[in-house]
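A short write-up of the structure that comes next.
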Amino acid sequence: MQLDPTANKHLIFIGGGHAHAIALLMMGMNKPAGVRITLISNLVQTPYSGMLPGLIAGHYSFDQAHIDLGRFCRYAGIDFIEDSVTGIDPVNRTVQCLNHPNFSYDLLSIDTGSTPALSTIPGASEFTTGVKPVKQLLEYWDDLQARIMQGDDSQDIHIATVGGGASAVEVLLAMQYKLQKQLSKQQRRTNHLHFHIICGPEQILMDLNKRVQRRYLQVLKERQIELHTHFRVEQVKQGRVINAAGESIALDEIFWATTARGADWPARAGLECAENGCIRVNDYLQSVSHPEVFATGDIAEMINFPRPKAGVFAVRQGAPLLRNLQATLSGQPLSRYKPQKQFLSLISTGDRYAVASRGPFSLAGAWVWRWKDKIDQTFMRRFSDLTELPDQTPGTQLKIENPDMRCGGCGAKVGHSILNRVLKQLPAPPTEIEIGLKRPDDAAVIDVPVGKLLVQSVDSFRQLVNDDYLFGQIAANHALGDIFAMGATPHSAQAIVSVPHASDEIVEQRLRHLLLGASKVFSDCNIGLIGGHTSEGSELTLGFTINGLADRQQLLTKQGLQPGDRLIITKPLGTGTLFASDMRSQAKGRWISQALQQMLHSNYQASQILSAAGAHACTDITGFGLLGHLSEMLEGSDMGARLWLENLPVMEGALACLRAGLLSSLHPQNRKFDHLIANLDEFNSNTLIELLFDPQTAGGLLAAVKADQADSIIEQLQAAGYSEACIIGSVKQEGQMQVVLA
């Protein structure tokens, strides 16, 4: 059999810039066989630069002006890793990240953009805000608006951008428009706000023609924006900028929009870079020093065709980048790319007015803004108008030799050498084990201390997020939940893993990420892995058997409710519907990112707080949902419960997903618990009802505590980081098992 030349290759994209967005969109529609594709980005929603001034001015919402990378990657069957890259090793072909183990690659593409070179001017880093990274700019802009709207109109405020390019001009005009509009709505004065552009050259917009420059000079004059040309900032101090002659301009808020530079890590890795830190690439968008590395967008410097750092060039690099990546993977000749010399520039003036230019020509008007808006909205709809694609389970895009010939039984185990290399990278168990990974044998042996009870639980499930390292942490947290719910102290763990068929290199990387992720959680609980089993299969599954120890008198169980107890929940609800929506490419990336943070939050401290407070009963909220697990606590007693529906803590986006009917596949089964609700008819129209049946992964604890201790326990939980812990109901002597909603 002749192997596909791309079989079992790993292509990694670093950064969610415009070129990568286009390339991934096109590649997602027709993924090359046998290639695992991963996008690593520190942003789950990446800004579209063309709409940033409109977002600042209030013409667009956050979602309208951002490409949702997480949602798009789920749609296209691409692994998405939310993390910051700190370096690469071109020799060993690995990528280093801030919060993940290393990733191995066969082919690499970089599109991380650039940021203003604040470090080159003394004081700029301390006393100014760069227009990039956009996330920090928007956070600061929100804070500035709040301060001005809450402030004293009698105090003059001077706001400036430093730089003479389009970003400096557009951002300042957008800020002025938004602030004046907000103040005018409240019938407040606006003349205490003063706006400045600090420009080193003799003119603004030097890359554009004279007609455009004259139009903007007229706009600045009409808007009473003070332009300071021939003022090259050499130093920044608190409240002022200073030039080489020692002249200064007093300012309250300074936004930096001068020449940008690339990140430092490409040059540190040995990639040939220009003085501005940008990666030097040839006509194939390929690193001139490392042909297995490609670069596009602002981080790239084309050696034969230097062009301004403009979004239009980045967008147009997407298609040629994709062609050359595919050609490299398949061993075909690469295609040269020559960017156009002239390009259409569309620049807004803050309000719904814009100026268009190409070469020596220029047009302006409200109709130009509408034209620009149509172009931008059409571009963004390519990423937002997503429908579910079939067969997008992570890992299914891998092609292997003779896939029908994979063995079953013990022939399906992961190879001995792969397993050994991975196990050597795991931390040693902190507790003493008679026989375990330090002394491998056919089984682990545990010496249970006299007077202790051995508490055991097992959990396993399919992959729900295409980040193996995070999935390892979530699976470990989920498995530990039963131990914590019973007030036990975790002792050790064994893993059972099934990894999709792939090359040895990919299997080893996936297994390493899974077990290192789990080990991170276990180490935080002062335990470790002592054994387990690995195999190959059609999809990724991960589970753990957890061993815990407990004193008999300290053991928490589901039974033990007392009349008058308050019901406490430690974490918000909503993972079931959110991930059901994510599988259909309908959940916003930030919803999933925030849900993952909740799932990564261990119940360890919550268990200790509840045990110390003498909780009467406890369970963890997992697959059967809140009502299903509450029914287990009520079962066998004559107790009932009152639930205060409006008190339920909810993850962002969960109610929107429930309203849209995007339910977990287990939700209908959990709905069968609704007969327990005595007054269901009164609340059937309330979406919060559906939250009661939503299955949770790595959910919080549900505990019954004395009424007079409840407030104190909530304070302790919130102080320990369970910010949404709250009282959701009470226990009543009803004479029968039922739940009443209030």
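The values are calculated or read from the model by the stated rules, or taken from the named source; none is laboratory data. What you see is a predicted model, and the numbers here were worked out from it, not measured in a lab. Ideal geometry is used to build each Cβ from the backbone, glycine not excepted, and the neighbour counts take in all protein chains shown. Ligands, DNA and RNA are stripped out before the accessible areas are found, and what is left, the full protein with its side chains, is counted by its heavy atoms. Shrake-Rupley method; radii C 1.70, N 1.55, O 1.52, S 1.80 Å.
Tabulated values for the structure
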{"quantity": "Residue match in the range 274-284 (condition: open to solvent by 70 Å² or more (accessible area, probe 1.4 Å) and modelled with pLDDT of 95 or more)", "calculated": "yes"}
{"quantity": "Residues being open to solvent by 70 Å² or more (accessible area, probe 1.4 Å) and either touching a Gly at 6+ places or on another chain (Cβ under 8 Å) or basic (Lys, Arg) (or both) - total across the range 709-742", "calculated": "3"}
{"quantity": "Conditions (1) within 30 Å of Val171 (Cβ to Cβ); (2) open to solvent by 10 Å² or more (accessible area, probe 1.4 Å): number failed by Thr296", "calculated": "(2)"}
{"quantity": "Flag for Asp106 being open to solvent by 10 Å² or more (accessible area, probe 1.4 Å), within 13 Å of Val293 (Cβ to Cβ) and among the acidic types (Asp, Glu)", "calculated": "yes"}
{"quantity": "Matching entry among Lys237, Lys221 (being loosely packed, with under 15 Cβ neighbours inside 10 Å, of a type in the set (D, E, K, R) and in contact with a Gly (Cβ under 6 Å, 6 or more places away or on another chain))", "calculated": "Lys237"}
{"quantity": "Top-ranked residue of the range 311-323 - restricted to ones that are open to solvent by less than 20 Å² (accessible area, probe 1.4 Å) and out of contact with any strand residue (DSSP E or B) (no Cβ under 7 Å at 6 or more places or on another chain), ranked as nearest to Asn92 (Cα to Cα)", "calculated": "Leu322"}
{"quantity": "Extreme residue, most open to solvent (accessible area, probe 1.4 Å), among residues of the range 562-575 that are more than 38 Å from the chain's Cα centre (by Cα) and within 16 Å of Ile713 (Cβ to Cβ)", "calculated": "Gln562"}
{"quantity": "Unique match (being touching a Lys or Arg at 6+ places or on another chain (Cβ under 7 Å) and buried (at least 23 other Cβ atoms within 10 Å of the Cβ)) among Pro116, Pro101, Pro53", "calculated": "Pro116"}
{"quantity": "Total residues in the range 456-477, condition hydrophobic (A, V, I, L, M, F, W, C), assigned to a strand (DSSP E or B) and either crowded, with 20+ Cβ neighbours inside 10 Å or on the phi > 0 side of the Ramachandran plot (or both)", "calculated": "0"}
{"quantity": "Top-ranked residue in the range 633-652 [being in a strand (DSSP E or B) and either open to solvent by less than 20 Å² (accessible area, probe 1.4 Å) or in contact with a helix residue (DSSP H, G or I) (Cβ under 9 Å, 6 or more places away or on another chain) (or both); ranked as nearest to Gly700 (Cα to Cα)]", "calculated": "Val650"}
{"quantity": "Pair list, Cβ under 7 Å, 6 or more apart: the range 245-263 residue over 28 Å from Ile88 (Cβ atoms), other residue open to solvent by 60 Å² or more (accessible area, probe 1.4 Å) and among the basic types (Lys, Arg)", "calculated": "Ser248/Arg240; Ile249/Arg240; Ala250/Arg240; Leu251/Arg240"}
{"quantity": "Hits in the range 580-632 (condition: of a type in the set (Ser, Thr, Tyr) and over 30 Å from Ala707 (Cα atoms))", "calculated": "Ser581, Ser585, Ser593"}
{"quantity": "Hey, Arg36 charged (D, E, K, R) and more than 30 Å from Tyr140 (Cβ to Cβ) or not", "calculated": "yes"}
{"quantity": "Members of the range 496-514 that are touching a helix residue (DSSP H, G or I) at 6+ places or on another chain (Cβ under 7 Å) and open to solvent by 10 Å² or more (accessible area, probe 1.4 Å)", "calculated": "His501, Asp504, Glu508, Arg512"}
